[in-house]
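To keep things clear, I will list the structure first and then write my remarks on it.
The values are calculated or read from the model by the stated rules, or taken from the named source; none is laboratory data. Remember, it's a predicted structure, so these values are computed and weren't measured experimentally. Glycine gets a Cβ as well: all are built from the backbone with ideal geometry, and neighbour counts include every protein chain shown. For accessibility, only protein heavy atoms count, side chains too; no ligands or nucleic acids. Shrake-Rupley method; radii C 1.70, N 1.55, O 1.52, S 1.80 Å.
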Amino acid sequence: MTSIGSLLNATDLRKTYGSTPALDSADFAIHPGEVVAVMGPSGSGKSTLLHCLAGIVRPDSGTIGYNGRELSAMSDAERSALRRTEFGFIFQFGRLVPELTCLENVALPLRLSGVKRKAAEARAVVWLERLEVTGVAAKRPGEVSGGQGQRVAVARSLVTEPRVLFADEPTGALDSLNGERVMQLLTAAARDTRAAVVLVTHEARVAAYSDREIVVRDGKARDMAAAL
Ligand code: ADP
């Protein structure tokens, strides 16, 4: 698989849980600023693929290159630094910290990287504005709607301006109207910051926001553009 100019690439990735092959040969490359949808039925290996690419799960074999470096050659500390500084994450349920306000939640990744409170919160306000949820800044996650909470989670995932945003069913818990709006805001913000997005979804209407689709079936990932 050619990986010229790619940001993230996978070569012959395999991962087995017991006797279950979760991933069975995955090959593709993702370029800066691309929104790529990883599609496929439940249990086909989408989440395993996302976790391998993000350096959370170690594949049994195969290689993952990020920005010219091999993930498997990095130490655990290097991989977690990469996840904190260059990768962003968004999940089906926002996983916001319930004790913190929405503003503090968005500022948190910056605070954890050593940015002072005032500067971190100023950046967080900008991201709440971008996601059109400044009204919830002082509220705690338990006091906001599902759609608002997910927009706050998107703001938090992008506040560090990651180079890759990993999104696992980001609209799976939302009604279609809120889901569409989250996808519009998420993809617009990612395009503005040139973040690549790896979007796991089983919904065609969510995948419609991507530039390209990778289909996973029985652990085999196929780049639909390359297949044409
Ligand atoms: P998807 O995200 O497409 O629903 P997954 O990547 O979650 O698929 O799962 C792929 C296969 O691997 C499934 O058969 C699932 O049961 C299995 N699997 C995933 N994670 C684990 C795990 N931690 N332990 C055991 N089996 C797992």
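Rounded to whole Hz and in sequence order, give me ³J(HN,Hα) for segment 196-201 from the Karplus expression 6.51 cos²θ - 1.76 cosθ + 1.60, θ = phi - 60°, writing x for Gly and Pro.
Karplus-based 3J(HN,Hα) across segment 196-201 equals 7, 10, 10, 10, 8, 7 Hz.
Among Ala22, Ala173, Ala204, determine the one that fluctuates most according to a GNM of the chain built with springs between C-alpha atoms less than 10 Å apart.
Sorting by GNM fluctuation, first place goes to Ala204.
Given +1 on the Cβ of Lys and Arg, -1 on the Cβ of Asp and Glu, and no further charges, what dipole in debye does segment 60-189 carry about its Cα centre, rounded to the nearest 20? Provide the component values of the computation, followed by the final result.
Details: 17 positive and 16 negative charges, 112 e Å.
That gives segment 60-189 a dipole magnitude of about 540 debye.
Under a Cβ-Cβ cut-off of 10 Å, what is the net charge of the residues other than Ser44 that fall near it, where Lys and Arg count +1 and Asp and Glu count -1?
For residues surrounding Ser44, the net value is +2.
Where a ≥ b ≥ c are the square roots of the eigenvalues of the C-alpha gyration tensor, would you call segment 1-84 rounded, which needs a/c under 1.5, or, failing that, prolate if a/b is larger than b/c, or oblate?
Taking the square roots of the gyration eigenvalues as a ≥ b ≥ c, segment 1-84 is oblate.
Just to confirm my numbers, what's the Cα centroid distance between segment 92-125 and segment 1-46 in Å?
31
Just from its helices, what would the mean residue ellipticity at 222 nm be for the chain, if runs of 4 or more DSSP H residues each count -39500 (n - 2.57) and the sum is divided by every residue, rounded to the nearest 500 deg cm²/dmol?
Calculated mean residue ellipticity at 222 nm is -10500 deg cm²/dmol.
Over segment 149-228, give the accessible area per residue in Å² for a 1.4 Å probe, as an integer.
Per-residue accessible area for segment 149-228 comes out at 40 Å².
Please work out the average accessible area per residue across segment 18-95, using the 1.4 Å probe convention, and give it in Å².
The answer is 43 Å² per residue.
Build a GNM of the chain with springs between Cα atoms under 10 Å: which of Met183, Met74, Met39 gets the top mean-square fluctuation?
For the chain, modelled as a Gaussian network with Cα springs under 10 Å, the answer is Met74.
Give the carbon-plus-sulfur fraction of the accessible surface of segment 99-228 in %, rounded to a whole number; probe 1.4 Å, heavy atoms of protein chains only.
Carbon and sulfur: 52 percent of the exposed surface of segment 99-228.
Long-range amide H contacts for Ala22: which residues qualify at under 5 Å (H placed 1.01 Å from N, peptide plane, sequence gap of 5 or more or a different chain)?
Here the answer is Lys15, Thr16, Tyr17, since their amide H atoms fall under 5 Å of that of Ala22.
Report, by chain and number, residues whose modeled amide H sits under 5 Å from the one on Leu165, excluding near sequence neighbours (fewer than 5 apart, same chain).
Gly88, Ala196, Val197, Val198
Just add up the charged neighbours of Ala137: K/R +1, D/E -1, any other residue whose Cβ is under 10 Å from the Cβ of Ala137.
Local net charge: -2.
How much length is gained on full extension from Asp218 to Arg191, taking 0.36 nm per residue of separation minus their Cα-Cα distance? Display every interim value, and only then the final one.
Values: separation 27, 0.36 × 27 = 9.72 nm, distance 3.11 nm.
6.6 nm is the gain from fully extending Asp218 to Arg191.
Give, rounded to the nearest 20 debye, the magnitude of the charge dipole that segment 20-79 has about its Cα centre when Lys and Arg contribute +1 at Cβ and Asp and Glu contribute -1 at Cβ.
Values: 4 positive and 7 negative charges, 25 e Å.
Dipole about the Cα centre, nearest 20: 120 debye.
So if we plug the beta-carbon distance of Ser80 and Thr16 into 1/(1 + (r/R0)^6) with R0 = 22 Å, what FRET efficiency do we get, rounded to 0.05?
Efficiency, from the Cβ-Cβ distance: 0.35.
How large is ³J(HN,Hα) for each residue in segment 184-193, as worked out from phi by the Karplus curve 6.51 cos²θ - 1.76 cosθ + 1.60 (θ = phi - 60°), to whole Hz, x for Gly and Pro?
For segment 184-193, the Karplus-derived couplings read 4, 5, 5, 6, 5, 5, 5, 5, 4, 9 Hz, x marking Gly and Pro.
Work out the FRET efficiency for Arg58 and Ala122 from their Cβ-Cβ distance, taking R0 = 35 Å, and round it to the nearest 0.05.
About 0.40, to the nearest 0.05.
Can you run phi through the Karplus equation (6.51, -1.76, 1.60; θ = phi - 60°) for segment 117-132 and list ³J(HN,Hα) in whole Hz, with x for Gly and Pro?
Here the 3J(HN,Hα) series is 3, 4, 5, 5, 6, 5, 5, 4, 4, 4, 6, 5, 5, 4, 8, 6 Hz.
Would you work out the charge dipole size for the chain about its Cα centre, treating the Cβ of every Lys and Arg as +1 and the Cβ of every Asp and Glu as -1, and quote it to the nearest 20 debye?
Charge dipole, the chain, about its Cα centre: 560 debye, nearest 20.
Quote the Stokes-Einstein diffusion coefficient, in whole µm² s⁻¹, for segment 79-133, based on the Kirkwood radius over alpha carbon pairs, a temperature of 25 °C and a viscosity of 0.890 mPa s. It would help to have the intermediate numbers written out before the result.
Values: Rh = 12.0 Å.
Once the numbers are plugged in, D ends up at 204 µm²/s.
What net charge is computed for the residues neighbouring Ala81, neighbours being all others with C-beta under 14 Å from the C-beta of Ala81, Lys and Arg scored +1, Asp and Glu -1?
Once all neighbours under 14 Å are counted, the net charge is +2.
Under a straight-distance cross-link criterion of Cα-Cα below 19 Å, which lysines are reachable from Lys118, leaving out those fewer than 8 residues away in the same chain?
Lys139
Two decimals is fine: what is log10 I(q)/I(0) at q = 0.07, 0.08, 0.09, 0.12 Å⁻¹ for the chain, from a Debye sum with one equal scatterer on every Cα and no solvent?
Here log10 of I(q) over I(0) equals -0.21, -0.28, -0.36, -0.63.
Springs between alpha-carbon pairs under 10 angstrom, Gaussian network model over the chain: which of Ala196, Ala73, Ala167 fluctuates most?
Judging by the Gaussian network model, the answer is Ala73.
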